[in-house]
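*Asks:* Could you have a look at this structure, given as C-alpha cells, before my questions?
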Amino acid sequence: MRNVLENKLWFYAHVLSLDVCLGVLGSGALAAVVTGAKMKTVWWFLLPLSVWVIYTLDHLLDGKKVGEDSINPRHKFHYDHSKVLTILCTIAAIISAVLAFLLLREIVLLGGVLLSALAILHLGIARWGKIRFGKEFSVALIYTLGVWFGPLLVVGFRSWTVPLLLFLFFLGTVLNLVMNSLMEAELDAKEGQVYLLGVLSPKLAREWVLRLSLLGFLAALVLAGGIRKWAPGTSVSASLVIALICAVPGGILRYADKFQDSQKYRILGEGVFILGLVPWFLNFY
C-alpha cells in the first residue's frame, strides 16, 4: 500500500513538473548564496510559479501535437487534462505577472520581461515544430537566466567566482537535459521528437556528456578546495553542490543499465538541484 502511494505521489509530482519547481527553488537558493543577494519573499514564490507555467505550457503544446496516442506519460496527462491545466496555467500566469509588477524591484521586473519574451519565443518555436535541434540548450539557458538573473541584477558580479560558478551551473543544466534525452531517446523517437539526438548520434552525445560531466565536476571540486584561499567569502558548500549538478548526468549515463525501466534517474537528476537549499540554510542560520 505504501509503495502504491509513493508511486502515485511521484507520478503526479513528475507529470505536473512539481519536482522541477522544487529543483528551481534549490537553484534559486544556490544563486542567492553564490551572488550574496537578499531576495524579496515574493521572488521565492514567483520563481517556481513562473517555471511551472513555462513547463506546463510546453507539455500542453507537446501533448496537443502528439495527441491521444502519446506514450509519454507527461504528454498523455497534459492531453487528457488539457482544459483544466490550461485554466490553471492561465491563472498562474496572471498571478505571476501581477505580483511581479506590483512587488518586484523595477530592474528585476525588467529582467523578468526579457526572460518572458525568451520563453514565449522558445514555446513559439516548439509549437512551430520545424526546429527541434537545440531544445536542450534553449531550455537550459532560460532556466539558468531565470534563476540567476534576479540575484545578479540586484548585486552584480561581486567576485570572479560568480561567473565561473554560473557557467558551471549552466553546463550541469545542459548535461542534465541531454541525459534525459538520451534516457528517453526511444520514447521521444516514437513520438517524432528527436531534439539534439536528431543531429548527434546517441553514442557521440553520451561520450560528450561523460567528458563534460567529469570536467565540470573536477573544476567545481578544485574551486571548492581552494576557494577559502582564492576568494574568501565564497561558499564552499555551493561549489560542492554545483560539482554534484555537473557530476550526476555523467554518473547516470555511466550506469544507465541500472536506471532503465524506472524513473530513478529523474528523481536523482531533479533531486540534485534541490540540494541548493543546503548552502542557503547553512548561510541563513
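The values are calculated or read from the model by the stated rules, or taken from the named source; none is laboratory data. Quick caveat: nothing in here was measured; it's all calculated off a predicted structure. FYI the Cβ positions are ideal-geometry reconstructions off the backbone, even for glycines, and counts take in every protein chain you see. For accessibility, only protein heavy atoms count, side chains too; no ligands or nucleic acids. Shrake-Rupley method; radii C 1.70, N 1.55, O 1.52, S 1.80 Å.
*Asks:* Which loop-located trypsin sites (Lys or Arg not before Pro) does the stretch 11-100 contain, where loop means any DSSP state but H, G, I, E or B and the Cβ has at most 10 other Cβ atoms within 10 Å? Please report the intermediate quantities before stating the final value.
*Replies:* Working: sites: Lys38, Lys40, Lys64, Lys65, Arg74, Lys76, Lys83; in loops: Lys38, Lys40.
Answer in residue order: Lys38.
*Asks:* Could you tell me which of the pairs Lys135/Lys258; Lys38/Lys229; Lys8/Lys258; Lys40/Lys83 are separated by over 30 angstrom between their Cα atoms in the structure shown?
*Replies:* Numbers: Lys135/Lys258 27 Å; Lys38/Lys229 25 Å; Lys8/Lys258 22 Å; Lys40/Lys83 33 Å.
The pairs that break the limit, which is 30 Å between Cα atoms, are Lys40/Lys83.
*Asks:* Now for a different question. State in Å² the accessible area per residue of the stretch 2-89; use a 1.4 Å probe, count heavy atoms of protein chains only, and round to the nearest integer. Don't skip to the answer; put the middle values down first.
*Replies:* Details: 4270 Å² over 88 residues.
Accessible area per residue: 49 Å².
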